[in-house]
1. Between Ala43 and Arg277, take the C-beta separation as r, use R0 = 51 Å, and let me know the FRET efficiency to the nearest 0.05.
2. Can you compute the FRET efficiency between Thr214 and Met76 using 1/(1 + (r/R0)^6), with r the Cβ-Cβ distance and R0 = 25 Å? Round to the nearest 0.05.
3. Which entries in the list Lys129/Lys200; Lys39/Lys171; Lys58/Lys218; Lys58/Lys167 go over 30 Å, if you measure between the two C-alpha atoms of each?
4. In whole Hz, with x marking every Gly and Pro, tabulate ³J(HN,Hα) for region 153-168 from phi via Karplus 6.51 cos²θ - 1.76 cosθ + 1.60, θ = phi - 60°.
5. What are the ³J(HN,Hα) values, in whole Hz, obtained from phi via the Karplus relation 6.51 cos²θ - 1.76 cosθ + 1.60 with θ = phi - 60°, for each residue of region 102-108 in sequence order, with x given for Gly and Pro?
6. Quick one: ranking Phe41, Phe125 by accessible area, 1.4 Å probe, largest first, what do you get?
7. What accessible area per residue comes out for region 4-138, rounded to a whole number of Å², with a 1.4 Å probe?
8. Let me see the P(r) profile for the chain: every Cα-Cα distance counted, bins of 10 Å, each bin given as a percent of all pairs.
Amino acid sequence: MPELPEVETVRRGLQPVMEGQRIARVETRRDGLRFPFQKDFVARLEGKVVSGLGRRAKYLMADMESGDVLLMHLGMSGSFRVTLPEGERTPGDFHYPRSENRTHDHVVFHMASGVMISFNDPRRFGYMKIVPRADMEGEPLLRGLGPEPLGNEFDAAMLAHSCAGKKTSLKAALLDQRVVAGLGNIYVCEALFRSHLSPKRQASTLASRSGAPTDHAKRLVGSIHTVLNAAIRAGGSSLRDHRQTDGELGYFQHSFLVYDREGEPCKTPKCKSTVKRFTQNGRSTFWCSTCQK
Ligand SMILES: [Zn+2]
């Protein structure tokens, strides 16, 4: 499943071909994806100019000059392919395999510039929805989302405040979209490893009795920033090298410290343990029980 860095990489890849560009024609090749397309989906996009392409959590948000916003979510297996006169490219460097099967191209945006942007999604958990910008505050898909992990408001004090008194595990708290938006299983495992904190630790330990952030909270926020920024930077470099990255292992496979490394040696210097895996809240947690306390 694409996580925040992948979505951000996709956004940066689509930005040059979408921003300031008019959508000439939209093809929806089925009635819907995870949800049916709105009846006026095509009509509200055709002939309209995209004024900006933003992101909130794992949603891409295409701001239209018409006053609408097109929300796009990649779901479990969604990806975009950009067809330029000189060839094709797929923005994003994903851990999950991307489908090359064109029968899964469900939505195609034909830009007035001649560029074609196709959305491919074999499992069809992705979705697209048009929301008037004026109604974004009350949009159910976005309501209740916590702060952006790379935004200014997300810091140790805020994380401690959200976790104070929480009896759930630290892992579960970080996956809770109300606590922090857009973090998924991979980067939660990676951030906990890098901050030497156990995924089983009680979330409330990020706050002192008075509610102030503990050193754990400060370390954890630092690790979250580091791991997300590194992944976004690597995604950016994969965009530049897109022709070479076809069929090769992407950044993510090479640089995980714990994720998907069960039974392999822990990467903490001098630690002799191996990475372990267990199921937590229905998801695989990868960790080192020696260095993460
Ligand atoms: Zn270790």
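1. Step by step, r from the Cβ atoms, then E = 0.55.
2. On the way: r = 35 Å, r/R0 = 1.41.
The calculated FRET efficiency here is 0.10.
3. The pairs that break the limit, which is 30 Å between Cα atoms, are Lys129/Lys200; Lys39/Lys171.
4. Rounded to whole hertz, the list is 6, 7, 9, 4, 5, 5, 5, 4, 4, 5, 9, 4, x, 6, 8, 6.
5. 5, 5, 9, 6, 9, 9, 10
6. Working: Phe41 0, Phe125 85 Å².
Descending accessible area places them as Phe125, Phe41.
7. 43
8. P(r) over the chain, rounded to whole percents: 6, 26, 32, 22, 11, 2, 0.
The values are calculated or read from the model by the stated rules, or taken from the named source; none is laboratory data. Every value quoted in this text rests on a predicted model; they were computed, and no experiment measured them. Don't worry about glycine lacking a Cβ; one is built from the backbone with ideal geometry, like all the others, and counts go over all protein chains shown. The accessibility values were calculated without ligands, DNA or RNA, using every heavy atom of the protein model including side chains. Shrake-Rupley method; radii C 1.70, N 1.55, O 1.52, S 1.80 Å.
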